[in-house]
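Notes follow once the structure below has been shown.
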Amino acid sequence: GAGVSQSPRYKVAKRGQDVALRCDPISGHVSLFWYQQALGQGPEFLTYFQNEAQLDKSGLPSDRFFAERPEGSVSTLKIQRTQQEDSAVYLCASSTDPPYGYTFGSGTRLTVV
Amino acid sequence: SQQGEEDPQALSIQEGENATMNCSYKTSINNLQWYRQNSGRGLVHLILIRSNEREKHSGRLRVTLDTSKKSSSLLITASRAADTASYFCATDSNYQLIWGAGTKLIIKP
């Protein structure tokens with residue numbers, strides 16, 4: 001597609017519920033990233049894929065967070081047993097390799113109530 | 001953990017004036033990038049400057065990089081109401097972008 005597409009745009013989850021956030025990167029972009037952005041802050045790195053390989057997951061805050069990109073295109077970020085502190089905007093970005101700037105999706109705003 | 005720090009945190013100027021934002025960082029980098037984010041929207045890539053470059057221009061944007069001081073500045077000339085947004089610098093040392101907290105820019109008509 002023309003840009004990075006994320007869905008859903010908004011998600012309200014009850015505490016303890018599992019959620020799945022989807023990212024559809026730009027076709028042909030090898031690299032895919034997930035970031036978490038709290039209100040009024042800059043994004044914080046969560047994880048990085050090169051094709052289907054997850055090369056870095058050091059930013060995932062706990063083992064409740066899991067990301068996959070099984071065919072090297074679409075990626076899913078899953079959060080199990082959501083907690084209130086998980087409330088944030090989750091941003092996906094993709095790039096060529098090596099990158100020249102990153103293209104971000106509009107994000108998924110997750111609110112845990 | 002955030003590496004970059006933008007300064008000022010907020011800036012309010014009249015339309016037509018120039019806006020300057022600064023960014024400082026802590027570790028060595030491959031490049032530094034500036035992004036814009038409108039309220040509730042995604043991040044838009046503005047400009048990338050490599051570690052061996054000192055200045056770069058793109059339209060009304062001018063970016064400088066001083067690796068000895070580990071700092072960068074973004075200048076927006078002849079500001080417009082549509083420039084109202086938050087501006088972030090991000091350093092790229094090894095594919096992972098490290099971000100500052102951003103400068104909130106308001107352009108008053």
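Bear in mind that the values in this text are calculations on the coordinates, not laboratory data. This structure is a prediction, so every number in the text was calculated from the model and none was measured. Note that each Cβ is placed from the backbone with ideal geometry, even for glycine, and that neighbours are counted across all protein chains shown.
At-a-glance table
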{"item": "Residue-span extension gain [A:R64 to A:Y10] - 0.36 nm each, minus C-alpha spacing", "result": "17.4 nm"}
{"item": "Lys, Arg +1 and Asp, Glu -1 on Cβ, resulting dipole of chain B about Cα centre, debye, nearest 20", "result": "120"}
{"item": "At R0 = 45 Å, FRET efficiency that the Cβ-Cβ distance of B:E17 and A:K57 yields, to 0.05", "result": "0.55"}
{"item": "For the protein assembly as shown, the fraction of alpha-carbon pairs in successive 5 Å shells from zero, as %", "result": "1, 7, 15, 19, 18, 16, 12, 7, 3, 1, 0"}
{"item": "Rg(Cα)/(2.2 N^0.38 Å) for chain B, N = residue count", "result": "1.00"}
{"item": "The stretch A:24-82: relative contact order as a whole-number percent, Cα under 8 Å and 6+ apart", "result": "27"}
{"item": "Violating pairs (Cα-Cα greater than 29 angstrom) within the set A:K57/B:K70; A:K57/B:K56; A:K57/B:K26", "result": "A:K57/B:K56"}
{"item": "Using θ = phi - 60° and Karplus 6.51 cos²θ - 1.76 cosθ + 1.60, couplings along the stretch A:52-63 (whole Hz; Gly, Pro as x)", "result": "8, 8, 8, 8, 8, 10, 5, x, 5, x, 7, 6"}
{"item": "In sequence order, calculated HN-Hα J values of the stretch A:23-33 (Karplus, 6.51, -1.76, 1.60; Hz; x Gly/Pro)", "result": "10, 10, x, 5, 4, x, 6, 6, 9, 9, 10"}
{"item": "Å³ per residue enclosed by the Cα convex hull of chain A", "result": "93"}
{"item": "Pairwise centroid distance, computed over Cα atoms, of the stretch A:82-96 with the stretch A:1-33, Å", "result": "8"}
